[in-house]
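The values are calculated or read from the model by the stated rules, or taken from the named source; none is laboratory data. Since we're looking at a predicted model, the values are computed, not measured. Neighbour counts run over all protein chains shown; Cβ positions are idealised from the backbone, glycine included. Quick note on the areas: whole protein, heavy atoms, side chains included, nothing else; ligands and nucleic acids left out. Shrake-Rupley method; radii C 1.70, N 1.55, O 1.52, S 1.80 Å.
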Amino acid sequence: MGLGAWPGAGFQVGHVQARSVYTLEVITSVDSELWKERTPVHLSAGVGTALRPLGILRVIGRANYAYDLYLGVRFGPALTFLQNATRAEKNRQFSLFLDPYIRYTVSIGRQPVFFEIGSQRPSFRFGLWVAL
């Protein structure tokens, strides 16, 4: 779970199944631009996968890094809600997204944290990984 920033401010919650070389992910994001007059709310849900290049080195026994790097992509539906939306805005309410991203993870103490940059809003994301 994490927070996001730019172009809006929001949060994301998801499930990441980390394997040694790749991940499988399901992520839901909500963000808004509270400073805009009609305050749009953006909701998206995506599925995806990421390659872990440092995981390849770990598998062949060449590295034991305290951090990790992910190169991934997610896709899925997105909805935008506006107050007093016009008919044209209601027709554009639904969209599909493709979100290539880069994620960096590191443990601070015993808590894994992540920093992520992607194309889907919010574009800058950071947060904690909570094991369930």
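Observations on the model:
- For the stretch 1-77, the per residue solvent-accessible surface stands at 58 Å², with DNA, RNA and ligands left out and a 1.4 Å probe.
- Cα Rg, Dmax (largest Cα-Cα span) when computed across the stretch 38-125, Å: 17.8, 58
- Mean separation of Cα contacts under 8 Å, 6 or more apart, over the residue count of the stretch 65-116: relative contact order %: 43
- Derived scalar couplings ³J(HN,Hα) [the stretch 88-94; Karplus, 6.51 cos²θ - 1.76 cosθ + 1.60; whole Hz; x for Gly, Pro]: 5, 5, 5, 5, 9, 5, 9
- Formal net charge of residues neighbouring Trp6 (Cβ-Cβ distance under 11 Å; K, R +1; D, E -1): 0
- Paramagnetic reach from Leu54 (point 7 Å along Cα→Cβ, amide N under 16 Å) across the stretch 98-126: 102-117
- Top positive-direction residue, dipole computed over the chain with Cβ charges, set Pro40, Gly55, Tyr67: Gly55
- The value obtained for the stretch 78-132, namely the Cα convex hull volume divided by the number of residues, is 117 Å³ per residue.
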